[in-house]
Amino acid sequence: MAKSPQTQLPLKAFGWAASDTSGILAPFHFSRRSRDSCRENGQNDVTLQILYCGVCHSDLHTLKNDWGFTTYPVVPGHEIVGVVTKIGNNVKNFKVGDKVGVGVIVESCKECECCQQDLESYCPKPVFTYNSPYYDGTRTQGGYSNFVVVHQRYVLRFPENLPLDAGAPLLCAGITVYSPMKYYGMTEAGKHLGVAGLGGLGHVAIKFAKAFGLKVTVISSSPNKEDEAIKRLGADSFLVSSDPAKMKAAMGTMDYIIDTISAVHSLIPLLGLLKLNGKLVTVGLPNKPLELPIFPLVAGRKLVGGSNFGGIKETQEMLDFCGKHNISADIELIKMDHINTAMERLSKSDVKYRFVIDVANSFSSL
Ligand code: NAP
Ligand code: ZN
């Protein structure tokens, strides 16, 4: 009987996977795809030993099949920082020993209009870092694992001065808020930005906003995050979304809002906070559609937009920006065997502000 493409692959990897919608992660042995007809590391490939991997809410959505397209078993993780252990002959920009990052995408068609414009994140044939069919028929598996092989185009140089663990979340959380701020022109010093949802994406958005010189107000469902938002993360003010008096007093005061909320919520209060011509950009991906209230949009000439994580060129620009401004995430570093507890806490918005898995030290005893 012919072997499946997955079992023919020569690279034996180890990670933690979920095998059903319980989302519970457990140790998992699997084979990695490798390019060029199953050679270990193709001409254009970079192999990296994974050191750290951030825990994104998209990992949790995927584990629970919130979006309806999870294929099990799935090894999540797309905020990967590692060290290069092998390179192909055509690889010029990386060498063995380099510290590098891999984010949300590991392949795209390279020919479409999006790829030609360095917008691989909008390619109609993307291969995501996990839970994606790869071109050779296998499935990709993510960074909750010991190593990964990636085409050089999708590998990022990690800034020398940033911590490898606290820098890992930049590979998804960072670029996902940086990209819309740049694209939608939400960077003008002195303007007022609302950050809805103070989690992994939200707390990095505050840091970018302060680097751009914006005034920042956090809009949160968690009153207990106020002190830290202001004293530790540098926000200028804090609104509890369930406090009608304070929400009313803040109406019409914001130029832009970046909405990172992971669950279904009403846009009406957020749109009310915007000034005339204000922009609300949503990056959160709740499992059901949000209602779009037309009246406040029309009456205030407001705009609602969306944004995906950025392309590779912009991701490198964002990492270099972070290196220059010393921006990284505030993290809780965990070992892999703590991951199910971490997921439980993430589902309750109880993380300050990103879990990062100490992957290499979790697996070193194996
Ligand atoms: P996270 O760390 O869990 O943060 C989400 C925050 O949303 C929570 O901390 C909480 O903030 C708020 N929230 C959660 N449930 C809520 C509810 N029922 N009502 C009101 N607020 C609620 O998640 P994340 O990793 O930052 O990701 C956020 C979202 O962005 C997820 O849906 C994720 O899948 C998506 N995402 C999208 C992209 C993209 O490319 N567009 C990339 C990465 C992530 P408070 O406690 O302050 O209320
Ligand atoms: Zn993510």
Legend entry - When residues of region 39-88 are limited to those that are within 16 Å of ligand 1 (Cβ to nearest atom) and touching a His at 6+ places or on another chain (Cβ under 7 Å), the one farthest from Leu25 (Cα to Cα): Trp67
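Yes or no, residue by residue, for (1) more than 16 Å from ligand 2 (Cβ to nearest atom); (2) part of a strand (DSSP E or B); (3) of a type outside the set (A, V, I, L, M):
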| residue | (1), (2), (3) |
| --- | --- |
| Gln141 | no, no, yes |
| Val148 | no, yes, no |
| Asp165 | yes, no, yes |
| Ala168 | no, no, no |
| Gly174 | no, no, yes |
| Tyr178 | no, no, yes |
| Lys182 | yes, no, yes |
| Met186 | yes, no, no |
Legend entry - Any chance Val91 is of a type outside the set (S, T, N, Q), over 30 Å from Asp255 (Cβ atoms) and either open to solvent by 40 Å² or more (accessible area, probe 1.4 Å) or part of a strand (DSSP E or B) (or both): no
Inset, instruction - Taking Asp118 as meeting all but one of (1) surrounded by 20 or more Cβ atoms within 10 Å (Cβ to Cβ); (2) away from ligand 1 (no atom under 14 Å from the Cβ); (3) in a loop (DSSP other than H, G, I, E, B), write down the number of the exception. - result: (1)
Inset, instruction - Scan region 230-254 and report the pairs whose first residue is more than 23 Å from Lys210 (Cα to Cα) and whose second residue is of a type in the set (D, E, K, R) and in a loop (DSSP other than H, G, I, E, B), with Cβ atoms within less than 8 Å and a gap of 6+ or a chain change. - result: none
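If the requirement is being over 30 Å from Phe28 (Cβ atoms) and open to solvent by less than 40 Å² (accessible area, probe 1.4 Å), which of these qualifies: Gly202, Gly167?
On the way: Gly167 fails: over 30 Å from Phe28 (Cβ atoms).
After applying the criteria, what remains is Gly202.
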Legend entry - Scope region 11-29; condition open to solvent by 20 Å² or more (accessible area, probe 1.4 Å), touching a residue at least 24 places away in the same chain (Cβ under 8 Å) and farther than 19 Å from Asn41 by Cα; matching residues: Trp16, Ser19, Asp20, Thr21, Ile24, Phe28
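If you scan region 233-264, which residues turn out to be among the charged types (D, E, K, R) and either at pLDDT below 95 or touching a helix residue (DSSP H, G or I) at 6+ places or on another chain (Cβ under 9 Å) (or both)? It would help to see each step written out before you state the result.
Step one: list which residues in region 233-264 are among the charged types (D, E, K, R), which gives 236, 243, 246, 248, 255, 259.
Passing the criteria: Asp236, Asp243, Lys248, Asp259.
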Inset, instruction - Would you please list the contacts, defined by Cβ atoms under 8 Å and residues six or more apart or on different chains, that run from a residue in region 55-70 that is in a loop (DSSP other than H, G, I, E, B) to a residue that is modelled with pLDDT under 95? - result: none
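Please give the helices (runs of 4 or more DSSP H) falling wholly within region 267-366 in which 1 or more residues are open to solvent by 50 Å² or more (accessible area, probe 1.4 Å) and more than 14 Å from ligand 1 (Cβ to nearest atom).
Values: elements: 268-273, 294-299, 312-325, 339-347, 359-363.
In region 267-366, the matching helices (runs of 4 or more DSSP H) lie at 294-299, 312-325, 339-347, 359-363.
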Inset, instruction - Would you be able to say whether some residue in region 43-55 is surrounded by fewer than 19 Cβ atoms within 10 Å (Cβ to Cβ), within 15 Å of ligand 2 (Cβ to nearest atom), modelled with pLDDT of 95 or more and of a type in the set (A, V, I, L, M, F, W, C)? - result: no
Inset, instruction - Scan (1) free of Cβ contacts under 8 Å to residues at least 40 places away in the same chain; (2) closer than 16 Å to Leu60 by Cα; (3) within 18 Å of the chain's Cα centre (by Cα) for the single condition Ala342 breaks and write down its number. - result: (1)
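The values are calculated or read from the model by the stated rules, or taken from the named source; none is laboratory data. Note that the coordinates shown come from a computational prediction; the quantities given were computed from them, not determined experimentally. Please note: Cβ atoms are built from the backbone with ideal geometry, for glycine as well, and neighbour counts cover all protein chains shown. All accessible areas refer to the heavy atoms of the entire protein, side chains included, with ligands and DNA or RNA removed. Shrake-Rupley method; radii C 1.70, N 1.55, O 1.52, S 1.80 Å.
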